[in-house]
Amino acid sequence: MLGLMQNQPLLISSLIDFAERHHGGGEIVSRRVEGDIHRYTYKDVASRSRQVANALDAMKLAFSDRVATLAWNGYRHLELYFGVSGSGRVLHTLNPRLHPEQIAWIVNHAEDQVLCFDTTFVPIIQAIHKHLTTVKHFVALCDADKLPADSGIPGLQSYEAWIGQQPDTYRWPEFDENSASSMCYTSGTTGNPKAALYSHRSTMLHAFAGALPDALNMSARDAVLPVVPMFHVNAWGLPYSAAMTGCKMVFPGPAMDGKSIFELIESEKVSFAAGVPTVWQMMLSHMAANDLTFSTLKRTVIGGSACPPAMITAFNDQYGVEVLHAWGMTEMSPLGTVCTLKNKHQALSSEDKMKVRLKQGRAIFGVDMKIVDPDGKEQPWDGKAFGDLLVKGPWIIADYFKAEGGSPLVDGWFPTGDVATIDPDGYMQITDRSKDVIKSGGEWISSIDVENIAVAHPAVAMAACIGVKHPKWDERPIIAVVRKPGATVTREELLAFYEGKIAKWQVPDDVVFVDAIPLGGTGKMQKTKLREQLKDYVLPGI
Ligand code: ADP
């Protein structure tokens, strides 16, 4: 017997319809490439998204055709989120930090038909447009009078002229909720990038789950600032959860430096912000240097790489901001776990609470996880045993787009490539990416633990721990360190700082001071590059 409830497909268009009807006056504020601040409402987003849909129809784009964006976080990008997916096309967000050649490869692989880009990225398009085999239309996200003259980009038109000639009435089509809605390529540090292809259903379920109180806790009372780029796994799903809850959205545009982000938080009364640790590092340094405090920020979700304890403490103790440490992947839409405390933790000392907060957190409903040994045998949830982390759920990848080499799944589970422990309360803690694991004398050393201690030292801005070959122990850890501007710390002082914080054999053998640690397109430390840079390095005494 089937249930007797309405069978309505879960479609992204319903989000913007809802936001328009129930939160029509809700504000969307964007710092623009033009440098000024733009503000309008959900009602405007909705009507301009419908213009986008009409404009795509006028271009005769078919259902599931790909529309690419190369853009910062801003209101026009948001309109494309709803207009492209809502009308049945697939939004393909490109990462401008990749090498132009790689961007061209990705556009061709995805078979993008339309490419919309911020004027910041005109040089990239000029460099690659001749190599793009499928793109028929180039649209610059600007007013008609800001269209770059003599760009050499064929048929280039301005976004405002493109949608401006379209009516703002449109009937969103109804179709199978499993249809593709957007796609995002992983950075492909090994081999060519691979694409996760999200569906309307997966996106909607992820948006519901992401907004829950023990996840990102989003509501109509919030003003959210996604510093995480909209080209980085759909800004962690925030635009969708925001439309679902009617919260104010604030977009930073291209100004991602600490000062600009801090000023935007203050001027727009942001209550909730999201980003990777490197972004917050810049903002905290700016605040410390200028003796600043927040007046409205209540919580921040930090993920993408491990959040160092020093950052959690700074936010929490110095500024009264709750840190939600979160973990996920492009292949997971991306949310997997978020670290919020349970009732039983409330009575703990702040030191013991910190031990919990440092973990990547508990699975949100919809995500199931397990850890296994090399033979695939499940490991206990005792907070000590570690193994390869596998996940499954309705917003987790089943197959890569145009997958070569078959499904990545193992018995229905997706292997994340992370190594983790899970404690009896279900809190997962990443010890390493499996390719970054350091094996010394048969024992694993968590590079994240070693890094977290280094960045807790007041003179350290950034630290990366890697393994170096050792004749007796196979590998030994060393730590590459970037000092804070003007700060001094010696190798001996830093090594002494490890005393009593981890087991002696886990303390790095050496400290290498560097000017910078190579960062990838999504702000993560690139240890492969660092290893290359340090390939001639020899451990002391060897
Ligand atoms: P995202 O785009 O969400 O950063 P990626 O697919 O680029 O996802 O990278 C996912 C990987 O980033 C994870 O498998 C994990 O290794 C790492 N990662 C993400 N969040 C965390 C975290 N909070 N702590 C440690 N590592 C993390």
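Whole-Hz ³J(HN,Hα) for each residue in the range 348-355, computed from phi via Karplus 6.51 cos²θ - 1.76 cosθ + 1.60 with θ = phi - 60°, x for glycine and proline: what do you get?
5, 5, 5, 5, 6, 4, 4, 4
Magnitude of the Cβ-charge dipole of the range 328-386, K/R +1 and D/E -1, about the Cα centre, nearest 20 debye?
On the way: 10 positive and 8 negative charges, 75 e Å.
Charge dipole, the range 328-386, about its Cα centre: 360 debye, nearest 20.
Please give the helix 42-58 orientation as an angle from the longest Cα principal axis of the chain, in degrees from 0 to 90, rounded to the nearest 10.
70
Using a 1.4 angstrom probe on the protein heavy atoms only, line up F138, F63, F513 by accessible area, largest first.
Values: F138 10, F63 105, F513 65 Å².
Order by accessible area, largest first: F63, F513, F138.
If r is the Cβ-Cβ distance from Q126 to A255 and R0 is 22 Å, what FRET efficiency results, to the nearest 0.05?
Working: r = 23 Å, r/R0 = 1.06.
Efficiency, from the Cβ-Cβ distance: 0.40.
Just want the answer: with Cβ charges of +1 for Lys and Arg and -1 for Asp and Glu, which residue in S440, L495, T522 is farthest toward the dipole's positive end in the range 437-533?
Among S440, L495, T522, the one farthest towards the positive end of the dipole of the range 437-533 is T522.
Over the range 10-216, what is the relative contact order in whole percent, taking alpha-carbon pairs under 8 Å and six or more residues apart?
For the range 10-216, the relative contact order is 22 percent.
Taking Cα atoms, how many degrees apart are the long axis of helix 277-290 and the longest axis of the chain, rounded to 10 and kept between 0 and 90?
The answer is roughly 80 degrees.
Could you pull out every residue, at least 5 positions away or on a different chain, whose amide H is within less than 5 Å of the one on Q360? Hs are placed 1.01 Å off N in the peptide plane, and Pro or chain starts have none.
Amide H neighbours of Q360, under 5 Å, 5+ apart: M428, Q429, I430.
Measure up K501/K524; K469/K527; K344/K377 against 27 Å on the Cα-Cα distance and list the ones that go over.
On the way: K501/K524 25 Å; K469/K527 15 Å; K344/K377 30 Å.
Checking Cα-Cα distances, K344/K377 exceed 27 Å.
Could you state the number of Å between the C-alpha centres of the range 303-365 and the range 402-429?
Each part reduced to its Cα centre gives a spacing of 20 Å.
Which order do M282, M525 take when ranked by solvent-accessible area (1.4 Å probe, heavy atoms of all protein chains), largest first? All intermediate terms of the calculation are to be shown ahead of the outcome.
Values: M282 95, M525 60 Å².
Result of the area sort, largest leading: M282, M525.
Could you give the size of the charge dipole of the chain about its Cα centre, using +1 on the Cβ of each K and R and -1 on the Cβ of each D and E, expressed in debye and rounded to the nearest 20? Walk me through the numbers on the way to the answer.
Details: 52 positive and 60 negative charges, 29 e Å.
Taking the Cα centre of the chain as origin, the dipole is about 140 debye.
Could you sort 196-207, 352-363 so that the peptide with the highest average Cβ count within 10 Å comes first and the rest follow in order? Write out the running numbers ahead of the final one.
Numbers: 196-207: 23.8, 352-363: 19.8.
Result, highest mean Cβ count within 10 Å first: 196-207, 352-363.
Check the range 10-216 and count each lysine pair with an alpha-carbon distance under 26 angstrom, considering only pairs eight or more places apart or from different chains. Could you put the intermediate results ahead of the total?
Details: K43/K146; K60/K130; K60/K136; K130/K146; K130/K194; K136/K146; K136/K194.
For the range 10-216, qualifying lysine pairs total 7.
Name the chymotrypsin sites (Phe, Trp or Tyr not before Pro) in the range 317-389 that are in a loop by DSSP and that have at most 15 other C-beta atoms within 10 Å, would you?
Details: sites: Y319, W327, F365, W381, F386; in loops: F365, W381.
Taking the range 317-389 and a limit of 15 other Cβ atoms within 10 Å, the loop chymotrypsin sites (Phe, Trp or Tyr not before Pro) found are F365.
How do V321, V455 stack up against each other in accessible area, from largest to smallest, with a 1.4 angstrom probe?
Values: V321 0, V455 25 Å².
Greatest to least solvent exposure: V455, V321.
In whole angstrom, note down how far apart the Cα centers of the range 112-185 and the range 479-542 are.
43
By how many degrees, between 0 and 90 and to the nearest 10, does the Cα long axis of helix 75-86 differ from the longest principal axis of the chain?
Result, in degrees: 70.
Return the whole-Å distance between the Cα centroid of the range 226-284 and the Cα centroid of the range 2-68.
19
Which distance in nm do the two modelled labels at T528 and S350 give, with both placed 7 Å along the Cα-to-Cβ direction?
My value for the distance between the label points is 4.2 nm.
What are the residues whose amide H is under 5 Å from the amide H of R66, where those residues sit 5 or more places off or on another chain and H is modelled from the backbone?
V90, Q113
So what is the relative contact order for the range 1-83, in percent, with contacts set as C-alpha pairs under 8 Å and at least six apart? Don't skip to the answer; put the middle values down first.
Values: 69 pairs, mean separation 25.7, N = 83.
In percent, rounded to a whole number, it is 31.
What does the accessible area of D388 come to, in Å² to the nearest 10, when a probe of 1.4 Å is used?
Here the accessible area works out near 60 Å².
Where the accessible area of the chain is counted over protein heavy atoms with a 1.4 Å probe, how much of it, in %, is carbon and sulfur?
52
If you average over every viewing direction, what projected area does the convex hull of the Cα atoms of the range 437-533 give, in nm²?
If you wrap the Cα atoms of the range 437-533 in a convex hull and average its projections, you get 6.3 nm².
Please give the length that would be gained between K402 and T488 if that part of the chain were fully extended, namely 0.36 nm times their separation in residues minus their C-alpha to C-alpha distance (nm, one decimal).
Details: separation 86, 0.36 × 86 = 30.96 nm, distance 5.09 nm.
Using 0.36 nm per residue and subtracting the Cα-Cα distance, I get 25.9 nm.
Based only on Cα atoms, what Rg/Rh ratio does the chain have, Rh being taken as Kirkwood's radius? Can you show the working numbers first?
Working: Rg = 23.5 Å, Rh = 24.4 Å.
Here the Rg-to-Rh quotient is 0.97.
Output the relative contact order of the chain, whole-number percent, from Cα pairs under 8 angstrom with separation of 6+ residues. Numbers along the way, then the final one.
Working: 1136 pairs, mean separation 54.3, N = 542.
That works out to 10 percent.
Based on the mean of other beta carbon atoms within 10 Å per residue, what is the order of 526-534, 32-40, most packed first?
Working: 526-534: 16.1, 32-40: 14.0.
Ranking the peptides 526-534, 32-40 by packing returns 526-534, 32-40.
As a test of the definition: which semi-axes, in Å, follow for the range 10-216 when you take the square root of five times each eigenvalue of its alpha carbon gyration tensor? Largest first, please.
Working: eigenvalues 129, 91, 57 Å².
Equivalent-ellipsoid dimensions as semi-axes: 25, 21, 17 Å.
Any idea which of P96, I479, I453 is furthest toward the positive side of the dipole for the chain, if Lys and Arg beta-carbons carry +1 and Asp and Glu beta-carbons -1?
My answer, from the dipole projection, is I453.
Per residue, how big is the convex hull of the range 31-99 when only Cα atoms are used? Give it in Å³.
Values: hull volume 6.4 nm³, N = 69.
Expressed per residue, the convex hull around the Cα atoms of the range 31-99 is 93 Å³.
Simple spin-label model, 7 Å along Cα-to-Cβ: N192 to A516 in nm?
3.0
In nm, what is the difference between 0.36 nm times the number of residues separating S219 and Q318 and their Cα-Cα distance? Could the numbers behind the result be given before it?
On the way: separation 99, 0.36 × 99 = 35.64 nm, distance 2.54 nm.
Gain in length upon complete extension: 33.1 nm.
The values are calculated or read from the model by the stated rules, or taken from the named source; none is laboratory data. Since this is a predicted model, take the numbers as computed values, not measurements. A quick note on method: Cβ atoms are made from the backbone with ideal geometry, for glycine too, and the neighbour counts reach across all protein chains shown. Each accessible area value is taken on the protein alone, full model and side chains, heavy atoms only, with ligands, DNA and RNA left out. Shrake-Rupley method; radii C 1.70, N 1.55, O 1.52, S 1.80 Å.
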